[in-house]
């Protein structure tokens, strides 16, 4: 039986992709295949989907029929097949995606509940423990990450706010715990390029909520 040291983290990017351009070429014909920039394609519950109604494809700005008669979907590959594409038309798509963009080791996860003790005069024991605002912080040491996703995460966006991530931290051994931190944004990152060594990427992040389950 193999044993593993430490913890690993998996970084997921999950969200809406709006009016992503599939092509501007003059290609046309039957069963023309295009691929989305992010994959797999998922439904509203975050599950991989092949249902055409879970996405919207536009032909020169007009929404196409989503009953399978105009296009088909292979969600696991981000593959969209236009059944009868018109030469010279632009096709774009709105869809949801959920992709693993990084794997990590050396994960520190800390949650502060900012508890405050309330006392009554003349009484040794507190009469109540008040809950304050939750603070969730994470630190990672880089193992592997998609460079495009890191550019997004560190704020080099064309427009809009920083994207939110879902971070899953788990053991590789069966029966261990898995911690999932939702609505995570990366606060700071530090790149370390050492001679004759693995590239290091240290990241500080902040999340909104945590949950625990068995692996």
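The values are calculated or read from the model by the stated rules, or taken from the named source; none is laboratory data. What you see is a predicted model, and the numbers here were worked out from it, not measured in a lab. Heads up, the Cβs are rebuilt from the backbone with ideal geometry, glycines too, and the neighbour counts pull from every protein chain shown.
Looking at the stretch 1-31, which of the residues that are at pLDDT 85 or above and either outside any strand (DSSP E or B) or over 25 Å from the mean Cα position of the chain (by Cα) (or both) is surrounded by the most Cβ atoms within 10 Å (Cβ to Cβ)?
31
Quick check on the stretch 115-135. Is at least one of its residues within 30 Å of residue 59 (Cβ to Cβ), in a strand (DSSP E or B) and in contact (Cβ under 8 Å) with a residue 12 or more places away in the chain?
There is no residue in the stretch 115-135 that is within 30 Å of residue 59 (Cβ to Cβ), in a strand (DSSP E or B) and in contact (Cβ under 8 Å) with a residue 12 or more places away in the chain.
Restricting attention to the stretch 81-88, does a residue exist that is free of Cβ contacts under 8 Å to residues at least 60 places away in the same chain, closer than 30 Å to residue 169 by Cα and either surrounded by 12 or more Cβ atoms within 10 Å (Cβ to Cβ) or not assigned by TED's automatic domain parsing to the domain that holds residue 178 (or both)?
Within the stretch 81-88, not a single residue is free of Cβ contacts under 8 Å to residues at least 60 places away in the same chain, closer than 30 Å to residue 169 by Cα and either surrounded by 12 or more Cβ atoms within 10 Å (Cβ to Cβ) or not assigned by TED's automatic domain parsing to the domain that holds residue 178 (or both).
Can you find a residue that is in a strand (DSSP E or B) and more than 21 Å from residue 18 (Cβ to Cβ) anywhere in the stretch 32-48?
So far as the stretch 32-48 goes, yes, one or more of its residues are in a strand (DSSP E or B) and more than 21 Å from residue 18 (Cβ to Cβ).
For the stretch 97-124: of the residues being modelled with pLDDT under 90 and surrounded by fewer than 10 Cβ atoms within 10 Å (Cβ to Cβ), which is nearest to residue 35 (Cα to Cα)?
Here the answer is 110.
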